[in-house]
Amino acid sequence: MSINYQDRIPNNVDLGSNRTLQRALEHWQPEFLKWWQDLGPSDFQLSNVYLRTATSVDAKGWATYGYVNMPDYRWGIFLADRDPNRRIGFGDNYGQEVWQQIPGEFRSTFRRLIVTQGDTEPASVEQQRLLGHTAPSLYDLRNLFQVNVEEGRHLWAMVYLLHAHFGRDGREEAEELLERHSGDADKPRILGTFNEPISDWLSFFMFTYFTDRDGKFQLKSLAESSFDPLARTCQFMLTEEAHHMFVGDTGISRVIRRTLEVMKEIGSDDAVALRNAGAIDLPTIQKYLNFWFSSSLDLFGADTSSNAASYFANGLKGRPDESQYEDHVAAAETYTLELPDGKGGAKTEQIPMRNAMNEVTRNSYVKDCEIGVKRWNRQIEKAGFSARLSLPSTRFRRNIGSWAGIPTDLSGKQISREEFESKKDQWLPGESDTAFIRSLMQGVFQPGKMAAWIAPPDRGINNNPVDYEYVKLH
Ligand code: BYC
Ligand code: FE
Ligand code: FE
């Protein structure tokens, strides 16, 4: 079904045929726009930004490019096309027909899952709201805003489900999604990472690489859901998600490329010399990586979780790419978990596979994270340097799960709290690191010009050159 642009809210869900729902969403729309003005990108609302907008969900129409003032972006409700033959793909109801409505007994659980997913979307926009002022180029500024408007659309995707399937409760939840705010002392966002400040572009690239990638895996899990409208919404969100991770992946790669150029120029990898030359030394990049990777690992939930087991049993939330597994019921399988033994070491324990679903998803995520790290390391190797980046152990700096609050080094070896405190600044961004990174953050707004700490991208957006005027400032 194509998207109806005549409606105030573009949609491919035939919103016009349900006046009550349409009116409820039209009531929420000005509240969303007020939130966007207050807590979306600071300034730049009058700029013309070269953005892609979805005009249909098929391969041809989902990315239509043109200049847009962000408040006029056509945020809409787009679900992937319905497959009339789709069947429940996992859990106790494997093989049965999928649900177009939510069974009463799963209402509160679905509401919680949808609200948690929805909460992250505006949170990330809030976290990124000041970054425009320090963009390293117009190309990057445009990418930031592309990510921001699409996260806004992802909020719409969840709000549609809340309004369409949860009645008054859903409408209240939709309002609260605009009332909690990232980092707010009284009403914070639900998940930890989404309350961390993103005050510089190195953090932004790490966030889009590591945290948007959690989004990819959570959306893949929800795209398996027996609740068909949720599955179809998430399928379409995943097409947008790819660009967000591209921004992170290529952003980090460009920072590294610039660092390697300067290392060659000055013939040294000395951190002080590199910083004096305006480039970011690799150990600092590693510290930012350690921070955002470890924070994002917590987003997968506890490694043994009865919540996860019941989501899976009941068909609410599956494993990412469920078709890769042979046993979609997973009632008899076990999973071997490594837990702290309370004596400074680790022990193994067999747990029912269904209780380990968060850990299974986390493992797939870690493998996906490795791909970028390998690519960045090839870059460093090709430039003739021996330094390497790496992911820290999944035990490092955890706040959720069995390893929460247990001090370890980067390799996952348990250490004393004192040792952790004394070495923390070697592993995570410390005051001098963040002060240095902030000192680099100065906006560069001439077409084609790049800040000195980052290399230009290989190519522009939608076959345009790198020096295209991606944002016309006003
Ligand atoms: N921070 O039994 P568990 C994205 C809580 S990102 C704080 O494992 P569950 C995006 C948990 O709520 C994708 N609290 O819980 C990216 C539970 O609390 P209660 C977002 C946490 O519910 C970038 C307790 O710990 N989508 O789209 O099975 C930009 C026990 O844990 C955290 C989703 O998350 C944390 N990190 O699993 C924009 C999908 N982790 O019940 C967007 C929907 C856990 O004891 N959410 N807790 O009070 C879910 O599927 C699940 O809620 C979770 C947690 C996987 C998050
Ligand atoms: Fe999103
Ligand atoms: Fe995203």
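Only the coordinates and a few stated rules stand behind these numbers; no lab work does. Here the structure is a predicted model, which is why all the values come from computation and not from measurement. All Cβ positions, even for glycine, are placed from backbone atoms using ideal geometry, and neighbour counts span all protein chains on display.
Structure values in brief
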read-out: Cα-based reach from Lys287 at 16 Å (exclusive), listing lysines while leaving out same-chain residues under 8 positions away; value: Lys423, Lys424
read-out: Directionally averaged projected area (convex hull, Cα atoms, the chain), nm²; value: 23.1 nm²
read-out: The stretch 48-126: C-alpha gyration tensor shape, a/c 1.5 cut-off, then a/b vs b/c; value: oblate
read-out: Anchor Lys472: lysines whose Cα lies under 30 Å away (excluding residues fewer than 8 positions away in-chain); value: Lys34, Lys60, Lys449
read-out: Highest to lowest packing among 166-175, 231-240, scored as the average C-beta count within 10 Å; value: 231-240, 166-175
read-out: Net charge of Cβ neighbours under 11 Å - reference Tyr288; Lys, Arg +1; Asp, Glu -1; value: -1
read-out: Mean Cβ neighbour count within 10 Å, used as a protection proxy, ranking 371-381, 105-115 highest first; value: 105-115, 371-381
